[in-house]
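Below is one structure; the comments refer to it alone.
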Amino acid sequence: MPRPTHVTIDLDALAHNARITRRLTPGKRLMACVKADAYGHGAVPCAQTLAPLVDAFAVAHAEEAHNLRDAGISLPILVLEGPFDVTDAKTIGDLALWTVVHSDHQLPWVIEHLPRENANVWLKLDTGMHRLGIQIDTLPAIWSQLLEAGFHDPVLMTHLAFAEQGSSELTRQQANQWREALASLPSPTPHTSALNSAAIIGELPISGDWVRPGYMLYGGLSANGPTTELRPVMSLRSEVMAVRHIPQGDSVGYGGRWIAPRPSRIATVPVGYGDGYPRHAANGAPVWIEGQECPLIGRVSMDMVTVDITDHPNATIGSAVELWGQHIGIDRLAQAADTIGYTLMTQISSRPARQWTGG
Ligand SMILES: *Cc1c(COP(=O)(O)O)cnc(C)c1O
C-alpha cells in the first residue's frame, strides 16, 4: 500500500458554508475569495462548486484568474491587488476581469485597458490598515477622474485590520473614516464593500453592499459565535505506521523535546512539515486517532510525527489518523502551533494527494 497520507476536500461542505454565509448576510452580494488556489483547496473545483451560490469571485492577481476562465467560470472575478503594470491591466481587460485600483499610479492603465462596465472598477480606500488603498483626502478627486473617464458605477472598498478582535476601538476608528469618506462623495452613494469573514461573523457595524468572505467558506472560524454550523472543507488524514513502548525518562524525536513522564506507548504517523503539517506544533497538540484525541509529542519531522497513545490502547498500526478536519478543528491546531488556520490551509504541500468529494 502507498503512503496513506492524503488531503480530502469536501465540496458539499463548501456549498453548505456558502449557504450559511448567505443566511448571515441577508440582502448582500457575495464575493467568494478563491485566491491562493482557494486557500489551498483547489481554485477550479471550488469555484465550480460555488458558482451557482455566489455573485462573484476574488483572486489576488490576474494570473490566478486565468485558469478559472479556462475552466469556464464566467462570473465576475475581482483582482484584489489590481494591475502591476500596464500589460497586466491589458490582461485584466482581455480576461474581462474586475479590478481593484489601490493607488493612483494604476489609474492611467485602468483607464486605457478596462471596458466601461458597471462595478468592474473597485477603488480601494485606506481607512487605517495602511497596506493598500488611496488616502481619504484624495478620494473626491480620484472618484471624479473615474467618473469622467466613463466608469459610471465604481465600487468603493476598504479592508479592516482588526476584524478578528471584534468591535475594538481600532475598528471603530476605521468605521468612522469609512463613514466620512462616503459622506465626502457626491450622491448617489456608491456601491461599497468592507467585510471579510471575521467581520461578518463578528457582525461588525460597517456598511457595504458586497461581502468578501474567504476563510469562513472553507470552514475556518467554525468554533466562533453564530457560525458553529460551518463545516470543515479540508481534512488532512493518515494512518499509524509504527508503534513502540518506551521507558519513563527516554526522549522522543529530534532534540529530545519530549521526555516520557511514565512508561509510554508511542505511535508514529507518516505526515510532517514536508506535507504542510506545522513544524511548530507544540507537545500536546491534538491528533485524532480512531475515535480518540491523543497528544502530539516530540518535534515534528519533515516526514513524520509522533503521538502519545498510552491512554488509547486500541490504537495500533493502520489506525486512522486525522491531523485536522472534522474532529480536530483547524483553528484549534493552529493555536497549538502558534499560527493561524489560514497558513495551514495554504501551506499544504503538493506531496499528499488531494481528493475532492461531493460537489
Ligand atoms: C483575502 C481577502 C478577503 C477575505 O478574507 P477572509 O479573512 O479570508 O474572509 C477579503 N478582502 C480582501 C481585500 C482580501 O485580501
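The values are calculated or read from the model by the stated rules, or taken from the named source; none is laboratory data. Everything numeric here is computed off the predicted structure, so don't read it as measured data. So basically every Cβ, Gly included, is an ideal-geometry build from the backbone, and we count neighbours across all protein chains shown. Please note that ligands, DNA and RNA were not included when accessible areas were found on the heavy atoms of the full protein model with its side chains. Shrake-Rupley method; radii C 1.70, N 1.55, O 1.52, S 1.80 Å.
Brief remarks on what is shown
- Shape descriptor for segment 213-335: Rg over Rh equals 1.00 (Cα atoms; Rh from the Kirkwood inverse mean 1/r).
- Within segment 162-238, the proportion of C-alpha pairs whose separation exceeds 16 Å stands at 57%.
- Extents of the chain, largest first, come to 77, 44, 36 Å (Cα atoms, principal axes, whole angstrom).
- The chain, relative contact order [Cα under 8 Å, separation at least 6], %: 18
- Against the rule of thumb 2.2 N^0.38 Å, how large the Cα Rg of segment 24-75 comes out: 1.08
- Mean Kyte hydropathy of 0.0 or more with a Cα span along the axis of at least 24 Å, helices from DSSP in the chain: none
- Mean projection area, nm², convex hull over Cα of segment 41-116: 4.9
- Average accessible area per residue (Å²) across segment 95-214 - probe 1.4 Å, nucleic acids and ligands excluded: 43
- Surface accessible to a 1.4 Å probe, F151 within the full protein complex, Å²: 0
- Mean residue ellipticity (222 nm) of the chain, computed from DSSP H runs ≥ 4 via -39,500 (n - 2.57), nearest 500: -7500 deg cm²/dmol
- Evaluating 6.51 cos²θ - 1.76 cosθ + 1.60 at θ = phi - 60° for every residue in segment 208-213, the Karplus couplings come out as x, 7, 10, 9, 10, x Hz, glycine and proline recorded as x.
- Overall Cα dimensions of segment 14-142, principal axis frame, Å, largest first: 42, 31, 26
- Note on segment 77-157: the C-alpha convex hull projects to 4.6 nm² when averaged across all orientations.
- Sorted peptide list for 60-66, 135-141, criterion being average Cβ within 10 angstrom, highest first: 60-66, 135-141
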